[in-house]
1. Treating only the Cβ atoms of Lys and Arg (+1) and Asp and Glu (-1) as charged, compute the dipole magnitude of region 187-326 about its Cα centre; round to the nearest 20 debye.
2. Can you compute 3J(HN,Hα) from phi for each residue in region 271-284, using the Karplus curve 6.51 cos²θ - 1.76 cosθ + 1.60 with θ = phi - 60°, rounded to whole Hz and x for Gly and Pro?
Amino acid sequence: MGWRGTLRAINAANRRSARAADQRRRQIEMHRRAQEKYHARLSADMEAEDHTLLVEQLRTMHCDCGPTWDWQALAREAQPLPLPVQQEEAAMLHRAMNYEPSRLDKLIRRSEKIRAQLFDEAKAARERDEQRAAASASHHAGRVQEWQERKALAEAILGGDPEAMVEVVEENNPFDEIAFLGSTIELRKKEGKSFELDLYTRGSNVIPTEIKTVTQAGKLSVRKMPVGQYQELYQDYVCGCAFRVAREMFALLSLDDVYVTAYADMLNPATGHIEETPVLSAQFMRATFERLSFDRLDPSDALVNVRHVMDFRKTKGFAPIIPLVP
């Protein structure tokens, strides 16, 4: 092959190498785009799911509740009895006093030494018995003190002691989920078997103003939430929080009724400032709650079961109200 043939062969090899490099670059680019598309879809799915979960949480605030406390059972609880303590000394003394030396013990004259060792072991066993008895007595005294405190607290709760009830509420803090979403609870007044609470929802800070979904192409779609849908979600959140507060109070304390007044951030046209304004006030009765199925009810519609005051319109939202007076 002459020099022209050699040159053509070299050029052909160079073209093949360039085509292979281009193919590798295209494959890398396709892989990069696929990764970007995958991560974009994953991010869109997660953001849309977070939005859906938030809306679901806002709509179902009334569905969950802490455990019910049985104050009657705590008041009737019997005083704890001392726990049995293992005794070693008697068995060791019996062994020492009934020791019979073997022929070998007699032969090498170690009977008395062994007997003395057995009595020493009995003495050590008595010391261990005394230590266990002291520890058991201390433990039992602590259990008795705790029982006395539980019994006194239960009797105070059943007797309607306001300080005891406030202490139980503050110690157990049953409103964690509501607080997580920015709302706060204030115990305003306690009389007999009735409680008054103020619920500051601050819903405008947590109610989403947008709807987030994922398109068929895997992209995040964000659009403004219609006014009516926003106001209905806001209403369900406020009403659900009010029901939740009452449920937690009934589960925690021995109450007949709970007054809840919910506040929302609203513009005061007289001052031009955003102020916490009462928008819902309801008297929740224990007897009524026992008939409700909270997993299936709508919190806004369920207010028909209780005495309440609320001025709400789907197009305008909440309007100020005058709270109920017990």
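Just so it is clear, none of the values below were taken in a lab; they were calculated from the coordinates. Every value quoted in this text rests on a predicted model; they were computed, and no experiment measured them. Ideal geometry is used to build each Cβ from the backbone, glycine not excepted, and the neighbour counts take in all protein chains shown.
1. 360
2. 10, x, 10, 7, 10, 6, 10, x, 10, 8, 9, 9, 9, 9
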